[in-house]
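*Asks:* Structure incoming, see below.
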Amino acid sequence: MLVNKDGDGIKDGMDCFDPQTVFSDRVDEPVGKHVGVETHHYWMELALAQAQQAAEQGEVPVGAVVVCDGELVASAHNLTITDSDPTGHAEIVALRRAGQQLGNYRLVDCDLYVTLEPCAMCVGALVHARINHLYFAADDPKAGAIRSAMALAAADHFNHQLDWTGGIMAEPASKMLTEFFRSRRRAR
């Protein structure tokens with residue numbers, strides 16, 4: 001079940017994700033503009049593919065994409081270990097790339113899709129970038145700053161109010177994170 005910032009439930013029709021077949025039915029489909037519920041799954045699949053790349057590089061598997069007016073502008077995954085950068089979260093890297101691509105640090109007409117509920121640092125960056133809407137997959141009970149550990153998006157003192165929807169493809173995103181940390185614990 002998806003939940004938006006108002007607590008409204010939205011039916012989620014896609015409960016499974018196979019990173020090997022994500023693009024199998026879309027190989028010849030142009031990126032172009034996408035609309036509707038399928039759109040959210042399309043963009044989240046791209047974010048999940050980024051998360052898979054992060055896992056393959058030994059990074060925590062979080063991926064993000066920035067979409068402006070229905071078109072992909074930037075994609076990224078966690079790079080904190082690779083770049084020795086504590087700010088190298090997928091959201092931050094995607095925002096930087098989108099800003100460079102568009103030539104503007106304000107991303108007013110852009111949405112961000114990310115596989116894990118953003119932390120406080122990332123929520124702050126989303127607010128400063130003026131992201132139109134945040135879509136995230138899995139909740140983060142320890143550091144999630146949208147609804148889990150904090151509710152920063154609900155703070156009325158910001159000069160921009162961030163709209164959000166959580167729970168899009170939460171199961172595959174959670175599974176990827178669980179499997180990643182399980183394998184790391186086994187490797188110790």
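The values are calculated or read from the model by the stated rules, or taken from the named source; none is laboratory data. Quick caveat: nothing in here was measured; it's all calculated off a predicted structure. With ideal geometry, Cβ positions are generated from the backbone for all residues, glycine too; neighbour counts draw on all protein chains shown.
*Asks:* Show the residue pairs that are 6+ apart or on different chains and have beta-carbon atoms under 8 Å apart, the first residue being within region 176-188 and touching a residue at least 60 places away in the same chain (Cβ under 8 Å) and surrounded by 11 or more Cβ atoms within 10 Å (Cβ to Cβ), the second being assigned to a helix (DSSP H, G or I) and of a type outside the set (A, V, I, L, M).
*Replies:* 176/52
*Asks:* Still on this structure, please answer the following. Enumerate the strands (runs of 3 or more DSSP E) found wholly within region 93-188, keeping only those where 3 or more residues are touching a Gly at 6+ places or on another chain (Cβ under 9 Å).
*Replies:* 110-116, 133-138
*Asks:* For region 54-69, state whether one or more residues are more than 17 Å from residue 177 (Cβ to Cβ) and surrounded by fewer than 15 Cβ atoms within 10 Å (Cβ to Cβ). Reasoning before the result, please.
*Replies:* Taking region 54-69 first, the residues more than 17 Å from residue 177 (Cβ to Cβ) are 65-69.
Still in the list and also surrounded by fewer than 15 Cβ atoms within 10 Å (Cβ to Cβ): 69.
Yes, region 54-69 contains a residue that is more than 17 Å from residue 177 (Cβ to Cβ) and surrounded by fewer than 15 Cβ atoms within 10 Å (Cβ to Cβ).
*Asks:* Next up: Which condition does residue 117 not pass, out of (1) surrounded by fewer than 24 Cβ atoms within 10 Å (Cβ to Cβ); (2) at pLDDT 95 or above, if it passes all the others?
*Replies:* The single condition residue 117 does not satisfy is (1).
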